[in-house]
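Q: Sharing a structure here in structure tokens format.
The values are calculated or read from the model by the stated rules, or taken from the named source; none is laboratory data. Being a predicted model, the structure only gives us computed values, none of them experimental. Positions of Cβ are backbone-derived with ideal geometry, glycine not excepted, and every protein chain shown enters the neighbour counts.
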There are 2 protein chains.
Amino acid sequence: MNPSKFIVSVDSVIFGYCAGTIYTPLYNRGRSKADPFPGHWSLAGGPLRPNESLEDACRRKLEEDLKLKVEYLEQLYTFGDPKRDPRNRSISIAYFALIKLSEEKIENDDTQMKVHWFPISQLPKSDWAFDHRQIVATAIERLKAKVTYEPIGFNLLDTEFSIPQLQNLYEAILERDLDRRNFAKKIHSFDLLIPTRTIRAGRGRPSQLYKFDTKQYKRLQKEGLLFEV
Amino acid sequence: MNPSKFIVSVDSVIFGYCAGTIYTPLYNRGRSKADPFPGHWSLAGGPLRPNESLEDACRRKLEEDLKLKVEYLEQLYTFGDPKRDPRNRSISIAYFALIKLSEEKIENDDTQMKVHWFPISQLPKSDWAFDHRQIVATAIERLKAKVTYEPIGFNLLDTEFSIPQLQNLYEAILERDLDRRNFAKKIHSFDLLIPTRTIRAGRGRPSQLYKFDTKQYKRLQKEGLLFEV
DNA sequence: ACAAAAGTGTTCACCTTACACCCATGA
DNA sequence: TCATGGGTGTAAGGTGAACACTTTTGT
């Protein structure tokens, strides 16, 4: 008795940060009759190829469809409910991606590719394809949880960033205000930021820029550092 | 262009607790020539059926092969490396299961079914089938991490248990000693144990037995309880 | 009465939290 | 010189770690 075979896809939930808001892109599906969810919102993703790894498939799709360079990619969860695709049984391995996002990206995608970048607090209330709403919800949960105990937030910011910028990012993700002084103290206590000596002018006092010390982090991680915001 | 189809399996890493030790069962594969890993150790698992959910497939396999009633089941990770099965491309969705284990189980399985229950600190050093060693390693990591922030340990104990028994379980999982007084204080602070009035005699003073208050936990969970050992 | 195991209480150090002040720039 | 935003310090409260004593049983 040979085992059954299944359609296997990868789908990615992508998060980008811009001007105080976390965005995620969704495709507006075409209106073709063949589509089980015409005009509905769906994730970036597609069928796995016979000889590529799951992660390679994700990166390929994100590169092909959205011209995105992914900073961080991790497996989220596998969705395999027999009824998730009305046409045929399919398994979707969902991934969770973080990118550095620019304003142009948010706007251009909108017109050219039927892609719309939604603030995660203003996602569509209905018209989701498949179980993609649930996948996005799972990803947002993961983002909120993980950002508090692993330094993944840096992947959403420019290589150089200030402490207040970092704080704004955390506030956007966690959806609550943080105390400036305590936040800075905490971040500095990990000793994972390298001052880049650069100073950038804004309105008030210029802020010190830093870059994240990846090597140092990996070193400390082995010794059991606990990063916790 | 039709999407490719893949063999999809579920594999479960099962944990049971008995007399101060965490055990996990492994199959010793037959010596048939068809087997790519003759005589190697592998997990409980097998191909997914066309119309069953991933979780149902796990429960079915555990019931069929090990006659086990699972107390707790959660998805662990999906392994899909193109080279993980030398015969053909396959995707394995790994699950993580907790059961209530008895001494007879550990011994009987050994003789009858080519199943051997290994203490997780004394797993085979070699002769693992597929990527199952990595899957087990991932599961052990998950167990250690999760037990500290979610009350899953109770699924490994009898319905009625004492605080010292619970502590021994935690010490076995975390592989370090815990202070009796602080542990009891912590556990009681959650207010999730119902004394069953039963008293059990051992050597010294008899200990109070409790059962875990699942309903209360679900209630508190919604209000954002944080269980942390 | 003594050993063994269970149950409870107290102290101290540290970390988190709340909060106030000073500094450097643009307008 | 005033408003705006960035940077640092400090005191109070709560939590976790270390630790000692009492209780109840079997031998």
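Q: Go through the range A:1-20 residue by residue and tally those that are of a type in the set (S, T, N, Q) and surrounded by fewer than 18 Cβ atoms within 10 Å (Cβ to Cβ). Let's see the steps before the verdict.
A: So in the range A:1-20, the residues of a type in the set (S, T, N, Q) come out as A:2, A:4, A:9, A:12.
Subset that is surrounded by fewer than 18 Cβ atoms within 10 Å (Cβ to Cβ): A:2, A:4.
The number of residues fulfilling the criteria is 2.
Q: Residue by residue through the range B:1-24, note down the ones that are of a type in the set (Ser, Thr, Tyr) and part of a strand (DSSP E or B). Full working, then the answer.
A: Our first condition is that a residue be of a type in the set (Ser, Thr, Tyr); within the range B:1-24, this holds for B:4, B:9, B:12, B:17, B:21, B:23-24.
Passing the criteria: B:9, B:12, B:17, B:21, B:23, B:24.
Q: Turning to a different aspect of this structure: Tell me which of these residue B:212 doesn't satisfy, since it passes every other one: (1) free of Cβ contacts under 8 Å to residues at least 24 places away in the same chain; (2) surrounded by 17 or more Cβ atoms within 10 Å (Cβ to Cβ).
A: The number of the failed condition is (1).
Q: For the range B:92-107, give me each residue that is touching a strand residue (DSSP E or B) at 6+ places or on another chain (Cβ under 9 Å) and either surrounded by fewer than 14 Cβ atoms within 10 Å (Cβ to Cβ) or of a type in the set (A, V, I, L, M) (or both). I'd like the intermediate steps shown before the answer.
A: Let us first name the residues in the range B:92-107 that are touching a strand residue (DSSP E or B) at 6+ places or on another chain (Cβ under 9 Å), namely B:92-103, B:105-107.
Listed by number, the residues that qualify are B:93, B:94, B:97, B:98, B:99, B:101, B:102, B:103, B:106, B:107.
Q: Separate question: Determine whether residue B:168 is part of a loop (DSSP other than H, G, I, E, B) and away from DNA strand D (no atom under 16 Å from the Cβ).
A: In short, no.
Q: Let me ask something else about it. Going through B:156, B:174, B:193 one at a time, which residue ends up being within 14 Å of DNA strand C (Cβ to nearest atom) and either loosely packed, with under 12 Cβ neighbours inside 10 Å or within 26 Å of residue B:16 (Cβ to Cβ) (or both)? Write out each step before concluding.
A: Working: B:156 fails: within 14 Å of DNA strand C (Cβ to nearest atom); B:174 fails: within 14 Å of DNA strand C (Cβ to nearest atom).
Every option except B:193 fails the conditions.
Q: What tally of residues in the range B:177-203 results from selecting those that are hydroxyl-bearing (Ser, Thr, Tyr) and either closer than 25 Å to residue B:149 by Cβ or not assigned by TED's automatic domain parsing to the domain that holds residue B:163 (or both)? Write out each step before concluding.
A: Looking only at the range B:177-203, we keep the residues that are hydroxyl-bearing (Ser, Thr, Tyr), and these are B:189, B:196, B:198.
Checking which are either closer than 25 Å to residue B:149 by Cβ or not assigned by TED's automatic domain parsing to the domain that holds residue B:163 (or both) leaves us with B:189.
Here the count works out to 1.
Q: Looking only at residues in the range B:73-101 that are among the polar types (S, T, N, Q) and under 22 Å from residue A:81 (Cβ atoms), which one is farthest from the other protein chains (Cβ to nearest Cβ)?
A: As a first pass, look at the range B:73-101 and keep what is among the polar types (S, T, N, Q): B:75, B:78, B:88, B:90, B:92.
Going one step further and asking which of them are under 22 Å from residue A:81 (Cβ atoms), we end up with B:75, B:78, B:90, B:92.
On the way: B:75: 6, B:78: 5, B:90: 9, B:92: 10 Å.
Ranking the candidates gives B:92 first.
Q: Please go through (1) within 12 Å of DNA strand C (Cβ to nearest atom); (2) surrounded by 17 or more Cβ atoms within 10 Å (Cβ to Cβ); (3) within 14 Å of another protein chain (Cβ to nearest Cβ) for residue B:226 and return the number of the only condition it doesn't satisfy.
A: For residue B:226, the failing item is (2).
Q: Please go through the range B:25-72 and give me each residue that is part of a strand (DSSP E or B) and away from chain A (no Cβ under 14 Å), ordered by number. Don't jump to the end; show me each part of the working.
A: Going through the range B:25-72, the residues part of a strand (DSSP E or B) turn out to be B:25-28, B:41-42, B:44-47, B:72.
B:25, B:26, B:27, B:28, B:41, B:42, B:44, B:72 - these are the residues of the range B:25-72 that are part of a strand (DSSP E or B) and away from chain A (no Cβ under 14 Å).
Q: Does residue A:89 qualify as being crowded, with 19+ Cβ neighbours inside 10 Å and more than 17 Å from the chain's Cα centre (by Cα)?
A: Details: crowded, with 19+ Cβ neighbours inside 10 Å: yes; more than 17 Å from the chain's Cα centre (by Cα): yes.
Against the criterion (crowded, with 19+ Cβ neighbours inside 10 Å and more than 17 Å from the chain's Cα centre (by Cα)), residue A:89 qualifies.
Q: Within the range A:141-161, which residues are in contact with a helix residue (DSSP H, G or I) (Cβ under 9 Å, 6 or more places away or on another chain), of a type outside the set (Phe, Trp, Tyr) and in a helix (DSSP H, G or I)?
A: A:143, A:144, A:147, A:148, A:153, A:156
Q: Another question, if that's okay. So in the range B:176-199, with the set limited to residues that are of a type in the set (A, V, I, L, M, F, W, C) and assigned to a loop (DSSP other than H, G, I, E, B), which one is nearest to DNA strand D (Cβ to nearest atom)? Steps first, please.
A: The first filter runs over the range B:176-199 and keeps only residues of a type in the set (A, V, I, L, M, F, W, C), leaving B:178, B:183-184, B:187, B:190, B:192-194, B:199.
Next, from what is left, pick out any that are assigned to a loop (DSSP other than H, G, I, E, B): B:178, B:192.
Working: B:178: 8, B:192: 15 Å.
The qualifying residue nearest to DNA strand D (Cβ to nearest atom) is B:178.
Q: Take the residues in the range A:204-222 that are near DNA strand D (Cβ under 9 Å from one of its atoms) and of a type outside the set (Lys, Arg), then tell me which one is farthest from residue A:151 (Cα to Cα).
A: Taking the range A:204-222 as the starting set, the residues that turn out to be near DNA strand D (Cβ under 9 Å from one of its atoms) are A:204-210.
Right, trim to of a type outside the set (Lys, Arg) and you get A:204, A:206-210.
Numbers: A:204: 28, A:206: 25, A:207: 21, A:208: 19, A:209: 17, A:210: 14 Å.
My answer is A:204.
Q: Would you call residue A:138 more than 30 Å from residue A:41 (Cα to Cα), under 21 Å from the mean Cα position of the chain (by Cα) and more than 13 Å from DNA strand C (Cβ to nearest atom)?
A: no
Q: Then there's this: Contact list please: Cβ distance under 7 Å, first residue in the range A:171-199 and under 12 Å from residue A:153 (Cβ atoms), second residue more than 11 Å from DNA strand D (Cβ to nearest atom) and among the aliphatic types (A, V, I, L, M), pairs at least six apart or on different chains.
A: A:171/A:178; A:172/A:22; A:173/A:22; A:173/A:143; A:173/A:147
Q: Of these, A:157, A:123, which one is of a type in the set (A, V, I, L, M), away from every other protein chain (no Cβ under 14 Å) and within 16 Å of DNA strand D (Cβ to nearest atom)?
A: On the way: A:123 fails: within 16 Å of DNA strand D (Cβ to nearest atom).
Answer to the check: A:157.
Q: Quick check, is residue B:219 within 13 Å of DNA strand C (Cβ to nearest atom) and away from every other protein chain (no Cβ under 14 Å)? It would help to see each step written out before you state the result.
A: On the way: within 13 Å of DNA strand C (Cβ to nearest atom): no; away from every other protein chain (no Cβ under 14 Å): yes.
Spelling it out, it is not the case that residue B:219 is within 13 Å of DNA strand C (Cβ to nearest atom) and away from every other protein chain (no Cβ under 14 Å).
Q: Also, quick follow-up: Right, residue B:162: within 16 Å of DNA strand C (Cβ to nearest atom), outside the structural domain of residue B:12 (by TED's automatic domain parsing), hydroxyl-bearing (Ser, Thr, Tyr) and touching a Leu at 6+ places or on another chain (Cβ under 9 Å) or not? I'd like the intermediate steps shown before the answer.
A: On the way: within 16 Å of DNA strand C (Cβ to nearest atom): yes; outside the structural domain of residue B:12 (by TED's automatic domain parsing): yes; hydroxyl-bearing (Ser, Thr, Tyr): yes; touching a Leu at 6+ places or on another chain (Cβ under 9 Å): yes.
It is true that residue B:162 is within 16 Å of DNA strand C (Cβ to nearest atom), outside the structural domain of residue B:12 (by TED's automatic domain parsing), hydroxyl-bearing (Ser, Thr, Tyr) and touching a Leu at 6+ places or on another chain (Cβ under 9 Å).
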